[in-house]
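This report concerns only the one structure given below.
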Amino acid sequence: MCGIVAYVGSKDAAPILLEGLQRLEYRGYDSAGLAIVNKTLRTRKVKGRVADLAAAVPARFKGGVGIGHTRWATHGVPSDVNAHPHVDGAERVAVVHNGIIENADELRAKLTVDGATFTSETDSEVLAHLIARTVKDTDSLEEAVRTALKRVVGTYGIAVLDAERPGEVVVARNGSPIVLGIGEKEMFAASDVAALVRYTRQVVHLEDGELATIKADGFHTFTMDATETAKEPLTVDWDAGHYDTGGYEHYLLKEISEQPETVARTLRGRVDDRFHIAHLGGLNLTPHETRAFRRVKIIGCGSAYYSGQIGAQLVEELARIPADAEPASEFRYRNPVVEHDTLYVAISQSGETYDTLAAVQELKRKGGRVLGIVNTVGSAIARECDGGIYLHAGPEVSVASTKAFTSTAVAFALLALHFGRVHDLSPADGRRICEGLRRLPAQIEEILAKDDEIAGLARKYADHAGMMFIGRVRGYPVAREGAQKLKEISYVHAEAYPASELKHGPLALIGPDMPTVAIVPDDELLDKNLTTLGEIRARGGRVLMVGHRAADPRLADDCVVVPKNETELDPILLTIPLQLLAYHAAVALDRDVDKPRNLAKSVTVE
Ligand code: F6R
């Protein structure tokens, strides 16, 4: 998704902006650009990669204030002209914008009547013209930005440069993140801390409806009616090294391989061996309040939603509280009934996904109590929730989510243990789960050691036009996540079905050309799953089984055996071979593994 970087200081802005934009590449984009002020406004923008932009920037592109952008097309095709920054006709004001201006057509028509000439097809260009109109009269960029934004309907994170005021950049946020970075006699702003960590770890997140002016010697923040706001800087835990590939060929493989450590980090300090409970300091719930909830409703998008399905299963099994998960993108639009005795849990790796954020806001507006299970500290969703659990999985750079998925499932196991021990989960079962959680990192290592074996299977299965993924009950969200990983990074069509539903329709697809990946844990449903494998084999279907014991060759062509944990926790481990399978299939098919086509890392638009 689009990315913003801004700099004000005594150094040359262009290399800093280009470096920042490179750090945002992982989010997905199709064009890039930057603007600096050196007496006049100078811009460069290109369709393509940040490296193409760097090549197009002349060596004499000097100036200590600038803004940069990576664009992910929404209004208008990817092109040099549609790339940001956009400037007004007099080339005084430059703007970079993330988000969508909903009344852009109406504003464009009015501005055109007023004499503005538009050069791009974007909604964002109206901002440059609107701000330029006011800045002439007010001689205050802040005021011009506030005045312009009052006419705008939609979402935005913006950074604005005025050629006549070369010592400052004004930024504003409404639905699309902006974070300030505090340096030594220099200031930064960006849409993602990833762009800042090389320069500073002291950051300030803007709230929706908030603006800031950054200058070399500091910043101040204010609201749309010019009221000053007080902000406390946060220290970011991650440094620039977390954003490197660390010697791996792809971020995705690095992030899959980090899971023993990331799962250990999610667990650290949270498992209590004395009472066999979980310590979750951020929940902000008393035991009395915890007991009062009659339901748990989980929301998230994509893989976050599938990890929520694992979470719902864990909450029901360990706490015996009814729980279910739903895509946040659907939930927010269906005027949901919000109950006072339901606990809502929002999941997000980025903490920025607009649909999830909007669902949380809808819940809060209706008086719902919302916990966040979020990876990115200080992100919009984390701040919007009443309490929650941070994953501490470190930055996830590859577009496809892996380590955040497993850490979310682990966080749910902790939450379910916490609820369970407040309700009726016995100390013995509490101990069993605590011990199982502690075994996870070493067992993940064991699965990662099967990398070569899984790579061989991926090469064997990757050249099929489609694959079926099946699982029953605990195995079903695992199958959904496996199909999601395969389709998004290898572009092989993959469908996930509950194994029990196969004979109610999709069995018609089964044959030699449609292999099935079957999740077959050693649980009370093992015999049912084996029967389903028999049905597939009877129709000539090929089967790759992922489970806890070697497969009967009459029922499966291939098998990946994973270590057994406690039955409730097994889905976490069963997911990992599917991540590797998708990764190696994508490599075998020569895909852009970390930046799959059409996708962005965090989806900050509706
Ligand atoms: C899949 C994937 C997406 C995200 C989804 C939610 O691999 O990465 O499906 O899980 O867009 O993103 P977050 O968790 O950032 O809210």
It is to be established whether one or more residues within segment 316-323 are within 16 Å of the ligand (Cβ to nearest atom) and on the phi < 0 side of the Ramachandran plot.
no
Of the residues P563, P571, only one is open to solvent by 10 Å² or more (accessible area, probe 1.4 Å) and either out of contact with any helix residue (DSSP H, G or I) (no Cβ under 8 Å at 6 or more places or on another chain) or not hydrophobic (A, V, I, L, M, F, W, C) (or both); which?
P563
Taking the conditions exactly as written (part of a loop (DSSP other than H, G, I, E, B), surrounded by 15 or more Cβ atoms within 10 Å (Cβ to Cβ) and of a type in the set (S, T, Y)), does Y306 satisfy them or not?
no
Within segment 336-388, track down each residue that is in contact with a Phe, Trp or Tyr (Cβ under 9 Å, 6 or more places away or on another chain), within 14 Å of the ligand (Cβ to nearest atom) and assigned to a strand (DSSP E or B).
V345, I347, G372, I373, V374
Return the residues of segment 347-373 that are over 14 Å from S303 (Cβ atoms) and in contact with a Leu (Cβ under 9 Å, 6 or more places away or on another chain); say none if nothing qualifies.
G351, G368, R369, V370, L371
Among E207, E168, E184, E164, which is the only one that is free of Cβ contacts under 8 Å to residues at least 12 places away in the same chain and open to solvent by 10 Å² or more (accessible area, probe 1.4 Å)?
E184
Among R49, R27, R60, R42, which is the only one that is over 15 Å from R198 (Cα atoms), open to solvent by less than 50 Å² (accessible area, probe 1.4 Å) and basic (K, R)?
R27
Scanning segment 377-426 residue by residue, the ones that are open to solvent by 10 Å² or more (accessible area, probe 1.4 Å), closer than 23 Å to L437 by Cβ and under 12 Å from the mean Cα position of the chain (by Cα) total 1
Hey, T112 polar (S, T, N, Q), surrounded by fewer than 24 Cβ atoms within 10 Å (Cβ to Cβ) and free of Cβ contacts under 8 Å to residues at least 12 places away in the same chain or not
yes
Tell me yes or no: at least one residue of segment 409-424 is within 16 Å of the ligand (Cβ to nearest atom) and touching an Asp or Glu at 6+ places or on another chain (Cβ under 6 Å).
no
Restricting attention to segment 463-474, does a residue exist that is small (G, A, S) and either within 16 Å of the ligand (Cβ to nearest atom) or closer than 17 Å to H548 by Cβ (or both)?
yes
In segment 121-148, how many are open to solvent by 10 Å² or more (accessible area, probe 1.4 Å) and part of a loop (DSSP other than H, G, I, E, B)?
3
Take the residues of segment 225-259 that are open to solvent by 60 Å² or more (accessible area, probe 1.4 Å) and hydroxyl-bearing (S, T, Y): which is farthest from L196 (Cα to Cα)?
T227
Residue among R438, R480 that is in contact with a helix residue (DSSP H, G or I) (Cβ under 9 Å, 6 or more places away or on another chain) and within 30 Å of G511 (Cβ to Cβ):
R480
Spot the failing condition for V360; the list is (1) open to solvent by 10 Å² or more (accessible area, probe 1.4 Å); (2) in contact with a Gly (Cβ under 8 Å, 6 or more places away or on another chain), and only one is missed.
(1)
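The values are calculated or read from the model by the stated rules, or taken from the named source; none is laboratory data. Note that the structure is a prediction, hence the values are computed from the model and not measured. Neighbour counts run over all protein chains shown; Cβ positions are idealised from the backbone, glycine included. Accessible surface areas use protein heavy atoms only, side chains included; no ligands, DNA or RNA. Shrake-Rupley method; radii C 1.70, N 1.55, O 1.52, S 1.80 Å.
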